[in-house]
1. Could you figure out which of (1) at pLDDT 90 or above; (2) part of a loop (DSSP other than H, G, I, E, B) isn't true of Cys96?
2. Residue by residue through segment 237-289, note down the ones that are among the aromatic types (Phe, Trp, Tyr) and either under 30 Å from Glu215 (Cβ atoms) or open to solvent by less than 100 Å² (accessible area, probe 1.4 Å) (or both).
3. Determine whether Leu210 is out of contact with any strand residue (DSSP E or B) (no Cβ under 6 Å at 6 or more places or on another chain), assigned to a helix (DSSP H, G or I) and under 26 Å from Lys3 (Cα atoms).
4. Please list, ordered by first then second residue, the pairs with beta carbon atoms under 9 Å, 6 or more apart or interchain, first in segment 163-181 and over 14 Å from Met23 (Cβ atoms), second of a type in the set (D, E, K, R) and surrounded by 12 or more Cβ atoms within 10 Å (Cβ to Cβ).
5. Name the one entry in Val51, Val88, Val64 that is open to solvent by less than 70 Å² (accessible area, probe 1.4 Å) and of a type outside the set (S, T, N, Q).
6. Mind checking which pairs have a first residue in segment 243-272 that is in a loop (DSSP other than H, G, I, E, B) and a second that is hydrophobic (A, V, I, L, M, F, W, C), Cβ under 6 Å, 6 or more apart or different chains?
7. Would you point out the residue of segment 12-32, among those that are without any contact (Cβ under 8 Å) to a residue 40 or more places away in the chain and within 24 Å of Trp122 (Cα to Cα), that is surrounded by the most Cβ atoms within 10 Å (Cβ to Cβ)?
8. Wholly within segment 1-60, which helices (runs of 4 or more DSSP H) include no fewer than the required count, namely at least 2 residues that are among the small types (Gly, Ala, Ser)?
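The values are calculated or read from the model by the stated rules, or taken from the named source; none is laboratory data. Here the structure is a predicted model, which means the values were calculated and not measured. Neighbour counts run over all protein chains shown; Cβ positions are idealised from the backbone, glycine included. When the accessible area is computed, the model is the full protein with side chains, heavy atoms only, and any ligands, DNA or RNA have been set aside. Shrake-Rupley method; radii C 1.70, N 1.55, O 1.52, S 1.80 Å.
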Amino acid sequence: RRKGIGGSDIAAIVGLNKYKSPMQVYLDKIGELPEEEAGEAAYWGTVLEEVVAKEFSKRTGLKVKRRNAILRHKKYPYFLANVDRLIVGRKEGLECKTASEYLKDQWNEESVPDAYFVQCQWYMAITGFQKWHLAVLIGGNKFRMFEIERDDELIAILERKAYEFWNNHVIPKVPPAFDGSQASSDLLAAMYPEHVEESIDLPGYFAEKLKRRDELKAMIDELTEEKKAIENEIKSYMGEKKYGFVAGRKITWTRYTVEKFDKDALKRDHPDIYAKYVTEGRKSQFVVK
């Protein structure tokens, strides 16, 4: 995995993987990524891969086979593909996925998540194939299949981005900049889980960046208030009605009662019970004054 750029890396490199940042890919390639245990989703994705492949064969009549080897690009040997299955008798491949029920809206009738679309294009770049299939089991009870045609223009962009990333960052060990993704925030928290009571003088160029941050925050606050004003105007018109319809769009305004757990009262009145069930976690806070 560290000897090249794989299918799960390329989407992160071009900024289309919300679970992985370019910096994570970089640290992984140079062997400095903090160790993390594979989660439940990754475990069940591996377990159910064979189930998805068999169902795909059953529904399409196409035979599939494993390719127990890492495939390499002819021109760039550090472009890698660890494909799930190949279609027997055709120059086509199959990628098997599982997804939570909460992510079902990302798998509509016409499109797949960007990261997986890019992954399939990457595999076609390396194999030279013209088509890739994608099968997904959603929530354990919804099965969908997609055919993805080769896009040479996109492949050219992916190859250029991968070449630049490998030769401008990985080989010379020059880290890319952190981006604004949650993946980057999580990585920084993992890299620096503790703080020390010390200070540092930041480079002068950060003054301009902080000024831009202030401008963005003001814009966000203004836009958030404007968005809320539109919502409140619609609520006012709907009154006690739950649903509203306009221009082919459905609006739902639900009101309901929720139970609120008073953690502070439990800690005050029953500290022994509170201590038994409380668990420690880590959070970070970034404040500019």
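1. Checking Cys96 against (1) at pLDDT 90 or above; (2) part of a loop (DSSP other than H, G, I, E, B), the one that fails is (2).
2. Let us first name the residues in segment 237-289 that are among the aromatic types (Phe, Trp, Tyr), namely 237, 243, 245, 253, 256, 261, 274, 277, 286.
Passing the criteria: Trp253, Tyr274, Phe286.
3. Numbers: out of contact with any strand residue (DSSP E or B) (no Cβ under 6 Å at 6 or more places or on another chain): yes; assigned to a helix (DSSP H, G or I): yes; under 26 Å from Lys3 (Cα atoms): no.
In short, no.
4. Trp166/Lys29
5. Working: Val51 fails: open to solvent by less than 70 Å² (accessible area, probe 1.4 Å); Val88 fails: open to solvent by less than 70 Å² (accessible area, probe 1.4 Å).
One residue alone meets the criteria, Val64.
6. From residues that are in a loop (DSSP other than H, G, I, E, B), the pairs are Trp253/Met238.
7. Step one: of segment 12-32, the residues without any contact (Cβ under 8 Å) to a residue 40 or more places away in the chain are 28, 31-32.
Still in the list and also within 24 Å of Trp122 (Cα to Cα): 28, 31.
Details: Asp28: 17, Gly31: 7.
Among residues in segment 12-32 that are without any contact (Cβ under 8 Å) to a residue 40 or more places away in the chain and within 24 Å of Trp122 (Cα to Cα), the one surrounded by the most Cβ atoms within 10 Å (Cβ to Cβ) is Asp28.
8. On the way: elements: 7-13, 22-29, 40-47, 49-60.
Fully inside segment 1-60 and qualifying: 7-13, 40-47, 49-60.
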